[in-house]
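Novice: Sharing a structure, written as structure tokens. Questions coming.
The values are calculated or read from the model by the stated rules, or taken from the named source; none is laboratory data. This is a predicted model, so every value here is computed, not measured. We place every Cβ from the backbone using ideal geometry, glycine too, and count neighbours over all the protein chains shown. Heads up: the accessible areas ignore ligands, DNA and RNA and are worked out on the full protein's heavy atoms, side chains in. Shrake-Rupley method; radii C 1.70, N 1.55, O 1.52, S 1.80 Å.
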Amino acid sequence: MTTYKRSACAVLMRPIDGPEPYELYIVRRSASLAFLGGYQVFPGGTVDPVDSSVTIEGMDTDLDMASAAVRELFEEAGVLCVRGAEHLGQEKLDAMRAELLETSEGWAAFL
């Protein structure tokens, strides 16, 4: 029997003026990775145990999936999709991201 890993990704899009109605946000995986190295993908990854310790206002199910998508988006692309993030300067966001990349154990406290 196949065992599946729970994972999540974030799909960011915004309306634009031009021939296409929307623009998508994707990242390129490192070419050195064994799995899909060099491919362009939506930011995402495996649901970690720490993701289940996060509370999300208005959500009752799949909190760990949503938490993983937000965490992975910040880790991989530096985009923090949480209330109040727009008030943080780029220097603060960069420092927070560097800290999170060292260890995601404090993810819930981080938020």
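Novice: Can you tell me which residue is farthest from residue 73 (Cα to Cα) among those in the stretch 1-34 that are part of a strand (DSSP E or B) and touching a helix residue (DSSP H, G or I) at 6+ places or on another chain (Cβ under 8 Å)?
Specialist: Filtering first and then ranking leaves 7.
Novice: Right, residue 47: open to solvent by less than 50 Å² (accessible area, probe 1.4 Å), aliphatic (A, V, I, L, M) and at pLDDT below 90 or not?
Specialist: no
Novice: Residues in the stretch 82-111 that are closer than 23 Å to residue 30 by Cα and either at pLDDT 90 or above or surrounded by 16 or more Cβ atoms within 10 Å (Cβ to Cβ) (or both): how many?
Specialist: Qualifying residue count, the stretch 82-111: 8.
Novice: Determine the pairs where a residue that is more than 20 Å from residue 100 (Cβ to Cβ), located within the stretch 32-53, has a partner that is of a type in the set (A, V, I, L, M, F, W, C) and loosely packed, with under 10 Cβ neighbours inside 10 Å with Cβ atoms under 9 Å apart, the partner being 6 or more residues away or on another chain.
Specialist: If the second residue must be of a type in the set (A, V, I, L, M, F, W, C) and loosely packed, with under 10 Cβ neighbours inside 10 Å, the pairs left are 37/31; 38/31.
Novice: Okay, moving on. Name every residue in the stretch 71-107 that is in contact (Cβ under 8 Å) with a residue 40 or more places away in the chain and either in a helix (DSSP H, G or I) or under 23 Å from residue 40 (Cβ atoms) (or both), in order of residue number.
Specialist: Scanning the stretch 71-107 gives 72, 73, 76, 77, 79, 81, 107.
Novice: Now, a different point. Restricting to the stretch 1-23, what's the tally of residues that are of a type in the set (A, V, I, L, M, F, W, C) and open to solvent by 100 Å² or more (accessible area, probe 1.4 Å)? Walk me through how you get there before you give the answer.
Specialist: First, pick out the residues of the stretch 1-23 that are of a type in the set (A, V, I, L, M, F, W, C): 1, 8-13, 16.
From what's left, open to solvent by 100 Å² or more (accessible area, probe 1.4 Å): 1, 13.
Going through the stretch 1-23 one residue at a time, the tally reaches 2.
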